[in-house]
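This report concerns only the one structure given below.
The values are calculated or read from the model by the stated rules, or taken from the named source; none is laboratory data. Quick caveat, the model's predicted, so the values are computed rather than measured. Virtual Cβ from ideal backbone geometry, glycine too; neighbours counted across all protein chains shown. Remember, those area values only see protein heavy atoms, side chains included, never the ligands or the DNA or RNA. Shrake-Rupley method; radii C 1.70, N 1.55, O 1.52, S 1.80 Å.
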Amino acid sequence: MKKFTFLCLLLGGFAIGAQAQRVETTPQSTANVGMEPIRQGNWMVGGSIGNIGYSFEGDQFNINLNPRAGYFVADGLAVGAQASLGLTAIKDQDNVYNYGISPFVRYYFPGGASASGRFFGQGDIGIAGSKPGSDVSLALGANVGYAHFITQTVALEVAAGYNYSKANVNSGGGQSGLGVSVGFQIYLPGQR
């Protein structure tokens with residue numbers, strides 16, 4: 001009888017344990033954050049994973065990595081700096097490696113926002129150069145985008161805009177054109 005009771009308890013324990021293993025969860029894909037991540041005093045760190053564009057001034061294909069960091073000086077308004085590291089493939093010429101640094105201003109629009117996302121506009125002005133080449137010159141950018149918050153502090157972003165650089169690229173001319181970028185930002189709370 002003791003063996004039968006022990007066997008029943010053992011099988012009951014396995015059944016309860018097996019039932020507990022059936023809990024399924026899905027990854028988080030959205031978070032209701034409101035204004036909290038973009039409040040004055042917070043920080044943002046991240047960048048665009050890739051910036052892919054085609055130049056109007058020649059048969060050029062561009063891809064860039066743009067890490068950035070910023071500080072919210074007011075609710076919805078961030079200032080900061082970003083670096084630019086990239087590759088330009090030019091038809092019938094050697095590849096060109098681009099670099100640059102620029103301060104930026106980003107504004108999150110209050111209208112059209114949802115609890116899990118915000119539209120933004122960003123402008124930057126700085127310096128850029130390329131190798132081969134030794135000139136460093138003016139670089140400008142104006143972009144609009146959307147940040148979708150997947151957690152309380154992480155947002156995936158997509159942006160599109162116009163970028164201009166006067167840097168000499170093998171042929172002595174500048175480069176400009178439309179571009180699309182996909183990236184992410186981490187929003188860190190500041191002390192209040």
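The conditions of being part of a strand (DSSP E or B), closer than 24 Å to T30 by Cα, open to solvent by less than 20 Å² (accessible area, probe 1.4 Å) and out of contact with any His (no Cβ under 7 Å at 6 or more places or on another chain) are met by A159.
The C-beta contact set for the range 143-154 (first residue touching a residue at least 60 places away in the same chain (Cβ under 8 Å), second residue of a type in the set (F, W, Y), distance under 9 angstrom, 6+ apart or interchain) comprises F149/Y187; I150/F184; Q152/Y187; T153/Y187.
Within the range 87-98, residues that are closer than 9 Å to N62 by Cα have Cβ atoms under 6 Å from residues that are of a type in the set (V, I, T) and surrounded by 12 or more Cβ atoms within 10 Å (Cβ to Cβ) in these pairs: L87/I63; T88/V96, counting only partners at least 6 apart in sequence or on another chain.
Does F119 qualify as being among the aromatic types (F, W, Y), within 28 Å of T151 (Cα to Cα), assigned to a strand (DSSP E or B) and open to solvent by 50 Å² or more (accessible area, probe 1.4 Å)? Considered against the rule, which asks whether it is among the aromatic types (F, W, Y), within 28 Å of T151 (Cα to Cα), assigned to a strand (DSSP E or B) and open to solvent by 50 Å² or more (accessible area, probe 1.4 Å), F119 comes out as yes. Scanning the range 70-95 for residues that are of a type in the set (S, T, N, Q) and either in contact with a Ser or Thr (Cβ under 6 Å, 6 or more places away or on another chain) or in a strand (DSSP E or B) (or both) turns up Q82, S84, T88.
Scanning the range 79-104 for residues that are over 22 Å from W43 (Cα atoms), aliphatic (A, V, I, L, M) and within 16 Å of the chain's Cα centre (by Cα) yields one hit, L85.
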